[in-house]
1. Which entries in B:K18/D:K57; A:K30/A:K86; D:K18/E:K18; A:K18/D:K86; C:K18/E:K15 show an alpha-carbon gap greater than 27 Å?
2. List the trypsin sites (Lys or Arg not before Pro) in chain C that DSSP assigns to loop (not H, G, I, E or B) and whose Cβ has at most 12 other Cβ atoms within 10 Å. Which are they?
3. Please report, in debye to the nearest 20, how large the charge dipole of chain B is about its Cα centre when each Lys and Arg carries +1 at its beta carbon and each Asp and Glu carries -1 there.
4. Which whole number gives the average count of other chain Cβ atoms within 10 Å of the Cβ atoms across peptide A:27-40?
5. Given that compact globular proteins tend to follow 2.2 N^0.38 Å, what is the ratio of the alpha-carbon Rg of chain A to that value?
6. Would you kindly work out, in nm and rounded to one decimal, the distances from the label point of B:S82 to those of the same position in each other copy, ordered shortest first, with label points 7 Å along Cα-to-Cβ?
7. What number, in nm² with one decimal, is the all-direction average of the projected area of the convex hull of the alpha-carbon atoms of the range A:46-88?
8. Which listed residue (C:V26, C:G66, C:A47) has the Cα farthest towards the positive end of the charge dipole for the range C:2-79, taking +1 on Lys and Arg C-beta and -1 on Asp and Glu C-beta about the Cα centre?
Amino acid sequence: MIIGDVIGSVWATRKDEKLNGLKLLVVRPKYTDDLRASFVAADTASAGVGDTVLVTKGSSARSAFGRERIPVDSVIVGVVDSIDIKED
Amino acid sequence: MIIGDVIGSVWATRKDEKLNGLKLLVVRPKYTDDLRASFVAADTASAGVGDTVLVTKGSSARSAFGRERIPVDSVIVGVVDSIDIKED
Amino acid sequence: MIIGDVIGSVWATRKDEKLNGLKLLVVRPKYTDDLRASFVAADTASAGVGDTVLVTKGSSARSAFGRERIPVDSVIVGVVDSIDIKED
Amino acid sequence: MIIGDVIGSVWATRKDEKLNGLKLLVVRPKYTDDLRASFVAADTASAGVGDTVLVTKGSSARSAFGRERIPVDSVIVGVVDSIDIKED
Amino acid sequence: MIIGDVIGSVWATRKDEKLNGLKLLVVRPKYTDDLRASFVAADTASAGVGDTVLVTKGSSARSAFGRERIPVDSVIVGVVDSIDIKED
């Protein structure tokens, strides 16, 4: 999983109907300011802009849903309370 | 998922027959001008050159189709209406 | 798999309930000091901060668990005793 | 999928028997000269050195075969006739 | 698949028991000297340090084993005899 900041949202009217009802948020990985590293994740943790979140990618993203056939490759699975990094 | 711009299309006569009928578009990730970052996605959202699109990658891409055995790893699942990014 | 150093931990109260009980650690790939390369892995090897660990990514990460439907894409599958690299 | 150029081939006598009979080609992604970006793909489209090809990666690569249990993560699924890129 | 050189091995006593008996080798992709690009692969081709090998990654790596539930994402599937690259 990766830690990222929710920096926005995306709207798409014309889309795969299996995506209906999903909130699609733009996430930028923590520790970078480069917008090119940003991506879109479906929210399952009631996250919003400004939140730091935990994101699961790949086929495991589908495991966050009750159904397997959903064309989603990135999911916000948690809202991060704190990160405790100990570097020497 | 990632946001990208459709910048072209690809034609291949000799190909896996499971790809027959698919529209194959060249997508360049948003926020970059580097053609090396471009890739090919199968279109399922009636997208065209100039559209900004939402792309699902990996095994989840196959979930956009009604059948699982299709050698496709990138699918356009939506046409983006607007991106709302709030950066501090 | 990749070799990494455990440099911290992450706390998320609001999260997918399928993640309950998992220890989420921050891992930085070996041979780099760049925090941007760090990621979060679920621990299944009783690892802790300071340990050098072996991490499995992608769908194979789920194979470390007794159940398949878990939204985890990175798992610590071992604690590294020694790395023996022979470079010319 | 990505577009690449076939620049060579690989030979391996001692290998997983499930790879027997496969033609393994070295592909370099289009728009780069960097050999470090090259990779090996199994050919299913009668491609050869000099051809520009369409490559599917990841688990979807296995969908090009009639059997699922094959340790292949990159497959040439088509030979590209033309690429039409419209850049502003 | 990628071509790499076996440059070492890794030892982990405390690990997922599904990894017991596997030889874990450190592989560095061909055409680079950067250790940061190295990774760990399970050997199924009787490879050793100094060998140039063919590595399959991702979920396809599990297809090299007789069982599916194994937390391995990189497998050495062959020992390379020769690479024939024709560049203009």
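Read the figures in this text as sums done on the coordinates, not as results from a lab. Quick caveat, the model's predicted, so the values are computed rather than measured. Cβ sites come from the backbone with ideal geometry, for glycine too, and all protein chains shown count toward neighbours.
1. A:K18/D:K86
2. C:R67, C:K86
3. With only Lys, Arg, Asp and Glu charged at Cβ, the dipole is about 540 debye.
4. That average works out to 4.
5. 1.11
6. Shortest to longest, the spacings are 3.9, 3.9, 6.3, 6.3 nm.
7. 4.3 nm²
8. The listed residue farthest towards the positive side: C:G66.
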